[in-house]
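Engineer: Before anything else, here's the structure in question.
The values are calculated or read from the model by the stated rules, or taken from the named source; none is laboratory data. Keep in mind that what you see is a predicted model, and the values were worked out from it rather than measured. Note: ideal-geometry Cβ built from the backbone for every residue, glycine included; neighbour counts use all protein chains shown. Keep in mind that these areas ignore ligands, DNA and RNA; they rest on the heavy atoms of the full protein, side chains included. Shrake-Rupley method; radii C 1.70, N 1.55, O 1.52, S 1.80 Å.
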Amino acid sequence: MIVDLDKKLIRLKVVYYGPAMSGKTTNLESLSKLEGLKLAKIDTKGERTLVFDFSTKKVPVSNMTAYFALYTVPGQEIYKDMRLTVLKGVDGIVFVADAQAHRLEENIRFFELLKEDLSKVGKRYEEVPKVIQYNKMDLDNVLPLEVLEEKINKDGLSSVCASAIRGKGVKEAFSMIEALLLSRLERMLG
Amino acid sequence: MISGYFVSQQDFVDLVNGYLSNKEGILGIYLEGKSIELYIEKGYIKGFYVEMEDLVDSEANTLSLLIYSLFNMLDNPNALFAFKTGVERDNFLKLHEPISAEELILQLQLAYQEFKSLLTLIITPFATLRVLKPFDGMHHYDGKTVISAILTSKNTLVSEIRKLEELLRSGFLDIGQFITPEVNKKAFEINYIVKNVSLTNINVFSIFESLKLSKFTGWISISKANGSYNAYFKRGKFLALYPYSPDFFGFLLSTRKDYTISIVSMSENLLENFMLRHSTKKLINNLSDDFVELGKIFLGIIRKGFSGLLTLQRGNERMHFVCKNGVLLASLLDRDGIEISKMEPYKESFLLELVPFEPMENFWEVLHLLLINTVYSIILRHSSQAIQSILYYLASSDLFKVVEGSVYFRTDPKGRKEEILGFLSFLLDVGYKILGKEKLEEELENSLHPYKEIFKILDLEDYTKLWSEIVIDS
């Protein structure tokens, strides 16, 4: 969170985290279409894109204005430095899981990796608001929601099913993390 | 203003990615003897300054150049930094599109990763490219160095690196010879020709003659247990002696076992600044690191275009940073001898000295001190105790002092030629009145005779003759 006291602005950083090709970028692309966001892209090799955005909607909170900056992290190991850079200063996480059965282990591994990465950037896992989005639920080979919840969401986080490529569950996932962050902010600002 | 040290990549990333994200000002980074400045406005980098003259050309893609010049920060993150408000330099490079601090860091990390992959194919960025099979746009690469090809491309640095890697892997391009980077032309040298050799083993006259003929640039250090004399030469000509002392010429004539000599050659532009270690006009003198932030000092050096010498002392070790117009020419380490060093500056427990540039030639003052002492000793030999006492009193001033029968400068005599000449004329006048002109000339001739060879070698002979004619005949 970055607070600009002069301009009375609070910038909240939301990172879409998850395994490579789980649909993080598709989420942001869909969201940008739905919300009219401006996206900037940095191409990473092998995977698709790392997208981030600085001009999203602004929400009044107390006598200040909060706005969101959305990021995705590259899932590949060689970009772990970039992943940590993106996570630095994160305020909220949308964990994008690939609901396909054969990617379950990778989802679980990345969820553990999230805990490690948060610790590396000086954040306590428990203190960072998180939501889980089970993406690609429109495909045939997906696991049932109950299984996904049992295997991935062991902490009972808020979760949503999605098909980001069809724009489903995208806005919902963002709204969930937005609500968590704003209520937290309101508590902080009294 | 904040300043400090980067000790890890993460420090650099955190500063740029966090602290600068909504700031305005200049981030100065001092890394491996080079400085990089980023000009930031509302969290966006709008321009930069980088000391990579060989890479900066009018065709360079400025964003690619900026990112490439920051690769060193990821290779070796040990650097000093300072951030402050201010205006950019005149010669800074403007980015066509300002880039946010955060995006810069991400682009940098990405490009660095890709570049490491490319390096496995090219060995060095200064490898020359040659076309093996024709392809569209091949003229951009043929005969160019890798570094030139990627920095002059209109593509982003990342995409150009990828494209180049692809062209190399698919056999369209190959690497040829390596071009020596221009930066090496700036390399400075320090070489010990003789190191700590007893004066008894040296034929000083032969050495001096040889140095003169070889147009030697550097210094000769004659050391004893409690100090040393440093005589500086530029292209074979005697330039200066520190500390000021007439005794130096006497030592050259003696073969004292307890004296050692070192002869060190040094690049000319380094030498002129290195001599500043003897300057008495210090901006900062022996200030403990408890009171000063080194990052701020380096930033000040860059911003003010400072020329001079920055010295850090820790115990018996000294680090000298030779600066010219705000650019660090070289770092020298004085530890059992002087050497060019790439060591990072001390981070703690040091004393700091900062000396601005001033000409350090002092052969005129040194020579006149020798002449003053010559006349002074002649007078002492031929005068009564009472005259000696009066002379002792007269010779002590804010400029001169008398110690054990010899006259020394009490303070830095530069810019006080009239006083020096005045005192010498006064002594000659006293000598003339005591001995008469003929006797005085004879005594002077006898006293200076032993130095004749030295004067000849040091090219001071004509100078002393001229002086004799002007002063004595007058």
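Engineer: So is B:VAL16 modelled with pLDDT under 75 and of a type in the set (A, V, I, L, M) or not? Explain how you work it out, then say what you get.
Structural biologist: Values: modelled with pLDDT under 75: no; of a type in the set (A, V, I, L, M): yes.
Answer is no for this residue.
Engineer: Looking at the structure I just gave you, is B:LEU252 surrounded by 19 or more Cβ atoms within 10 Å (Cβ to Cβ) and in contact (Cβ under 8 Å) with a residue 60 or more places away in the chain?
Structural biologist: So B:LEU252 fits the description; yes.
Engineer: Could you check the range B:114-124 and list, in sequence order, the residues that are at the interface with chain A (Cβ under 9 Å from one of its Cβ atoms) and under 17 Å from B:SER69 (Cβ atoms)?
Structural biologist: B:GLU114 - this is the single residue of the range B:114-124 that is at the interface with chain A (Cβ under 9 Å from one of its Cβ atoms) and under 17 Å from B:SER69 (Cβ atoms).
Engineer: Hey, another quick one. Please find, within the range A:21-43, the residue that is farthest from the other protein chains (Cβ to nearest Cβ) out of those that are over 20 Å from B:PRO98 (Cβ atoms) and of a type in the set (Lys, Arg).
Structural biologist: Out of the qualifying residues, it is A:LYS33.
Engineer: Pairs under 6 Å by beta carbon, first residue under 30 Å from A:GLU106 (Cα atoms) in the range A:1-22, partner assigned to a loop (DSSP other than H, G, I, E, B) and not aliphatic (A, V, I, L, M), six or more apart or different chains?
Structural biologist: A:MET1/A:ASP91; A:LEU12/A:ASP91; A:LYS13/A:GLY89; A:LYS13/A:ASP91; A:PRO19/A:GLY75; A:ALA20/A:GLU47; A:ALA20/A:GLY75; A:ALA20/A:GLN76
Engineer: Take the range B:324-337 and flag every residue that is within 12 Å of the chain's Cα centre (by Cα) and buried (at least 16 other Cβ atoms within 10 Å of the Cβ).
Structural biologist: First, the residues of the range B:324-337 that are within 12 Å of the chain's Cα centre (by Cα): B:324-333.
The answer is B:LYS324, B:GLY326, B:VAL327, B:LEU328, B:LEU329, B:ALA330, B:SER331, B:LEU332, B:LEU333.
Engineer: Return the residues of the range A:1-23 that are surrounded by fewer than 22 Cβ atoms within 10 Å (Cβ to Cβ) and farther than 30 Å from A:ARG103 by Cβ; say none if nothing qualifies.
Structural biologist: Hits for the range A:1-23 are A:MET1, A:ILE2, A:VAL3, A:ASP4, A:LEU5, A:ASP6, A:LYS7, A:LYS8, A:LEU9, A:ARG11.
Engineer: From B:LEU253, B:LEU271, B:LEU299, which residue is of a type outside the set (D, E, K, R) and within 30 Å of B:PHE6 (Cα to Cα)? Spell out how you get there, then give the answer.
Structural biologist: Numbers: B:LEU253 fails: within 30 Å of B:PHE6 (Cα to Cα); B:LEU271 fails: within 30 Å of B:PHE6 (Cα to Cα).
Residue meeting the stated conditions: B:LEU299.
Engineer: Still on this model: For residues that are without any contact (Cβ under 8 Å) to a residue 12 or more places away in the chain and within 14 Å of chain A (Cβ to nearest Cβ), tally how many sit in the range B:166-181.
Structural biologist: 1
Engineer: May I ask you to say which residue of A:TYR71, A:TYR79 is open to solvent by less than 30 Å² (accessible area, probe 1.4 Å), within 14 Å of another protein chain (Cβ to nearest Cβ), hydroxyl-bearing (Ser, Thr, Tyr) and assigned to a helix (DSSP H, G or I)?
Structural biologist: So the residue among A:TYR71, A:TYR79 that is open to solvent by less than 30 Å² (accessible area, probe 1.4 Å), within 14 Å of another protein chain (Cβ to nearest Cβ), hydroxyl-bearing (Ser, Thr, Tyr) and assigned to a helix (DSSP H, G or I) is A:TYR79.
Engineer: Okay, next question. Taking only the range B:280-316 into account, find how many residues are within 22 Å of B:ASP336 (Cα to Cα) and in contact with a strand residue (DSSP E or B) (Cβ under 6 Å, 6 or more places away or on another chain).
Structural biologist: Total satisfying the criteria: 6.
Engineer: Which one of the conditions (1) in contact with a Lys or Arg (Cβ under 9 Å, 6 or more places away or on another chain); (2) at pLDDT 90 or above does B:ARG314 fail to meet, given that it meets all the rest?
Structural biologist: (1)
Engineer: Somewhere in the range B:257-279, is a residue closer than 30 Å to B:PHE208 by Cβ, of a type outside the set (Lys, Arg), modelled with pLDDT of 90 or more and part of a loop (DSSP other than H, G, I, E, B)?
Structural biologist: Yes, that holds for at least one residue.
Engineer: I need the full set of residues from the range B:430-453 which are assigned to a helix (DSSP H, G or I), of a type outside the set (A, V, I, L, M, F, W, C) and either surrounded by fewer than 12 Cβ atoms within 10 Å (Cβ to Cβ) or touching a His at 6+ places or on another chain (Cβ under 7 Å) (or both), in order please.
Structural biologist: Our first condition is that a residue be assigned to a helix (DSSP H, G or I); within the range B:430-453, this holds for B:430-435, B:437-453.
Subsequent filtering for residues that are of a type outside the set (A, V, I, L, M, F, W, C) retains B:431-433, B:437-439, B:441-443, B:445-447, B:449-453.
B:LYS433, B:GLU438, B:GLU445, B:ASN446, B:HIS449 - these are the residues of the range B:430-453 that are assigned to a helix (DSSP H, G or I), of a type outside the set (A, V, I, L, M, F, W, C) and either surrounded by fewer than 12 Cβ atoms within 10 Å (Cβ to Cβ) or touching a His at 6+ places or on another chain (Cβ under 7 Å) (or both).
To keep it simple, each residue is scored yes or no on (1) open to solvent by less than 30 Å² (accessible area, probe 1.4 Å); (2) away from chain B (no Cβ under 14 Å).
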{"position": "A:THR85", "(1), (2)": "yes, no"}
{"position": "A:ALA101", "(1), (2)": "no, yes"}
{"position": "A:ASN107", "(1), (2)": "yes, yes"}
{"position": "A:LYS130", "(1), (2)": "yes, yes"}
{"position": "A:LEU143", "(1), (2)": "no, yes"}
{"position": "A:GLU150", "(1), (2)": "no, yes"}
{"position": "A:LYS154", "(1), (2)": "no, yes"}
{"position": "A:GLU172", "(1), (2)": "no, yes"}
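Engineer: Now a separate question. With (1) surrounded by 16 or more Cβ atoms within 10 Å (Cβ to Cβ); (2) in contact (Cβ under 8 Å) with a residue 24 or more places away in the chain; (3) hydrophobic (A, V, I, L, M, F, W, C) as the list, and B:ILE284 as the residue in question, which single condition is left unmet?
Structural biologist: Unmet condition: (1).
Engineer: Would you say B:THR374 is of a type outside the set (Phe, Trp, Tyr), open to solvent by less than 70 Å² (accessible area, probe 1.4 Å), in a loop (DSSP other than H, G, I, E, B) and under 26 Å from B:PHE238 (Cα atoms)?
Structural biologist: So B:THR374 does not fit the description; no.
Engineer: Could you please find all residues in the range A:2-20 being away from every other protein chain (no Cβ under 11 Å), modelled with pLDDT under 90 and assigned to a loop (DSSP other than H, G, I, E, B)?
Structural biologist: If the condition is that a residue be away from every other protein chain (no Cβ under 11 Å), modelled with pLDDT under 90 and assigned to a loop (DSSP other than H, G, I, E, B), then A:LYS8, A:ALA20 are the ones that fit.
Engineer: Another question about this same structure. Does the range B:130-165 hold any residues that are away from chain A (no Cβ under 14 Å) and touching a helix residue (DSSP H, G or I) at 6+ places or on another chain (Cβ under 6 Å), and which are they?
Structural biologist: Matches in the range B:130-165: B:VAL131, B:TYR141, B:VAL146, B:ILE150, B:LEU151, B:SER153.
Engineer: Something else now. Specify which of the listed residues (B:PHE291, B:PHE238) is in a loop (DSSP other than H, G, I, E, B), on the phi < 0 side of the Ramachandran plot and either under 15 Å from the mean Cα position of the chain (by Cα) or not β-branched (Val, Ile, Thr) (or both).
Structural biologist: Result of the check over B:PHE291, B:PHE238: B:PHE291.
Engineer: May I pose another question? Identify the residue in the range B:48-107 that is modelled with pLDDT of 80 or more and part of a loop (DSSP other than H, G, I, E, B) and, among all such residues, is surrounded by the most Cβ atoms within 10 Å (Cβ to Cβ).
Structural biologist: Residue satisfying both the conditions and the ranking: B:LEU70.
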